[in-house]
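Heads up, the thing below is written out as structure tokens.
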């Protein structure tokens, strides 16, 4: 079985560090009872997630195709969480203890998708794992943060990728 991988562009620069997710989250409400996004707290154009029924910004139109930006609450939850993956694959039970979800990802990606800030509920007791290292120079590569490439010669950090495949500049 081929392991699902985050869809990162080979020349994508590493993004900012992810903030840890809250252990549990209820959709915050304004003092007037108006729902807020459970991830960013904004009011306004909201929708409930298909997977867990939480209020979230209805903002996928903000995402620019192939930009790899993480500026959409809805897209981030749908694309980078075990909650949405579990729902999309139509697994039974809770995602937190689903053996199919656990077997679908490397431990590093599983932990990242279960504990990042795009979750409404954080994975309890995430398993430990050895960090992934660049097969070129040995530097630690964060599979959940981008900034690497993967090919026949293994996983390479941004620096090694650029050494092997220099980006030509047009003057």
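Quick one: residue 162 ticks every box in (1) assigned to a helix (DSSP H, G or I); (2) within 19 Å of residue 52 (Cβ to Cβ) bar one, so which box is it?
Failing condition for residue 162: (2).
Quick one: is residue 159 at pLDDT 95 or above, surrounded by fewer than 20 Cβ atoms within 10 Å (Cβ to Cβ) and over 17 Å from the mean Cα position of the chain (by Cα)?
It is false that residue 159 is at pLDDT 95 or above, surrounded by fewer than 20 Cβ atoms within 10 Å (Cβ to Cβ) and over 17 Å from the mean Cα position of the chain (by Cα).
Can you name the residue in segment 68-98 that is surrounded by fewer than 17 Cβ atoms within 10 Å (Cβ to Cβ) and touching a helix residue (DSSP H, G or I) at 6+ places or on another chain (Cβ under 6 Å) and is also farthest from residue 144 (Cα to Cα) among such residues?
Once the filter is applied, the top-ranked residue is 91.
Here are some conditions: (1) at pLDDT below 95; (2) over 10 Å from the mean Cα position of the chain (by Cα); (3) within 24 Å of residue 40 (Cα to Cα). Residue 145 meets all but one. Which one does it not meet?
(2)
Residue by residue through segment 46-67, note down the ones that are touching a residue at least 40 places away in the same chain (Cβ under 8 Å) and closer than 22 Å to residue 145 by Cα.
If the condition is that a residue be touching a residue at least 40 places away in the same chain (Cβ under 8 Å) and closer than 22 Å to residue 145 by Cα, then 66 is the only one that fits.
Looking for whichever is at pLDDT 95 or above, in the same structural domain as residue 154 (by TED's automatic domain parsing) and in contact with a helix residue (DSSP H, G or I) (Cβ under 9 Å, 6 or more places away or on another chain) here; the options are 101, 137. Which one fits?
Details: 101 fails: in the same structural domain as residue 154 (by TED's automatic domain parsing).
Matching residue, one of 101, 137: 137.
Being surrounded by 12 or more Cβ atoms within 10 Å (Cβ to Cβ) and modelled with pLDDT under 95 is the filter here; which residues of segment 43-57 pass it?
43
Here is a yes/no grid of residues against (1) over 24 Å from residue 128 (Cβ atoms); (2) in the same structural domain as residue 153 (by TED's automatic domain parsing); (3) modelled with pLDDT of 85 or more:
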| position | (1), (2), (3) |
| --- | --- |
| 4 | no, no, no |
| 68 | yes, no, no |
| 90 | yes, no, yes |
| 107 | no, no, yes |
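The values are calculated or read from the model by the stated rules, or taken from the named source; none is laboratory data. Quantities reported herein were computed from a predicted structural model and do not represent experimental measurements. All Cβ positions, even for glycine, are placed from backbone atoms using ideal geometry, and neighbour counts span all protein chains on display.
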